[in-house]
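Throughout, read-outs are computed from the coordinates displayed, never taken from laboratory work. None of these values were measured; they are calculated from a predicted model. Positions of Cβ are generated from backbone atoms using ideal geometry, with glycine treated the same way; all protein chains shown enter the neighbour counts.
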Amino acid sequence: MLPYEWGVDFKMTLSGTTQLRTLYIGENTASIPNKTFVNNKNLFEIYSNAATPPSIGTATFGSETYSYATLYVPQGSVDAYKAATGWSKFEDIQELPFQIVVKDKKVSVDRTKSILVSASVTPASATSSDIKWYSLNDEIATTTTDGVVTGMAEGGVTLLAYCGGITAPMKVIVKKFDGVEDVMADDPTELSEFDVYNLQGIRVRTNCTKEQLSELSHGIYILVSPQGRKKVII
């Protein structure tokens with residue numbers, strides 16, 4: 001798989017990897033240098049997650065790949081690839097077989113605390129493979145493959161939900177944890193919407209309303225308002 005944020009100045013030569021059969025391209029890929037894959041005669045599957053075709057040359061891929069490979073692109077992007085320099089040489093361009101939909105495009109987590117993120121595949125019947133999560137900067141936030149994200153240092157980082165070569169990004173903002181302000185029992189009347197954390201510091205609900213509190217399992221939870229106020233509800 002190409003680096004997720006492959007840019008114009010990124011250099012990599014893979015033309016000598018003759019057994020390369022499948023290529024995955026991240027959605028932030030801006031360009032791929034000419035002749036990068038010109039000698040990869042066995043490259044017959046390419047999955048591009050970039051809705052805008054990356055800039056490539058007319059010889060970025062070899063003639064065998066242009067003639068016999070299947071190029072999978074995001075939904076609604078087939079015409080753009082067919083019209084783009086280099087990509088237009090592919091004889092078989094199809095839409096990706098499914099999409100990954102992340103529940104929240106942007107989330108926040110306190111430093112040293114954890115949250116659980118989630119994503120789904122649509123259509124659900126398209127694959128039986130599990131979605132796995134990866135962090136692009138473990139110094140800011142780490143994640144397990146099943147989506148437990150832990151804040152390490154203040155800042156922002158991109159997480160990737162990955163399944164079968166298809167990716168979807170999520171932005172994570174790590175903030176300083178300033179503790180719980182006060183304690184209440186059963187009556188968060190002054191709050192209209194909040195994030196809910198369990199005592200292990202894992203976020204179990206996002207944008208939860210007062211009415212939805214009754215859906216939670218019995219226990220003790222930390223409620224965090226949009227203004228950052230923290231309360232405990234029993």
Length gained when the stretch Val101-Glu45 is fully extended (0.36 nm per residue, less Cα-Cα span): 17.9 nm
Flagged links, alpha-carbon separation over 21 Å, of Lys176/Lys210; Lys41/Lys89; Lys175/Lys210; Lys132/Lys176; Lys106/Lys176; Lys132/Lys171: Lys176/Lys210; Lys175/Lys210; Lys132/Lys176
Contour minus Cα-Cα distance for Ala59 and Val204 (0.36 nm per residue): 47.3 nm
Sorted largest first, extent of the stretch 33-142 alpha carbons per principal axis (Å): 51, 33, 24
Amide hydrogen neighbours beyond the local backbone of Thr112, cut-off 5 Å, H modeled: Gly151, Met152
Unit charges on C-beta of K, R, D, E only; dipole of the stretch 22-95, Debye: 280 debye
Sites Ser214 and Gln75 - FRET efficiency at Förster radius 35 Å, r taken between beta-carbons, to 0.05: 0.35
Nearest-20 debye value, the stretch 99-175 charge dipole, Cβ charges on Lys, Arg, Asp, Glu: 220 debye
Pairwise FRET efficiency - Tyr134 versus Ser67, Cβ, R0 = 45 Å, nearest 0.05: 0.85
Virtual spin-label span in nm between Thr145 and Gln19, 7 Å along Cα→Cβ: 2.2 nm
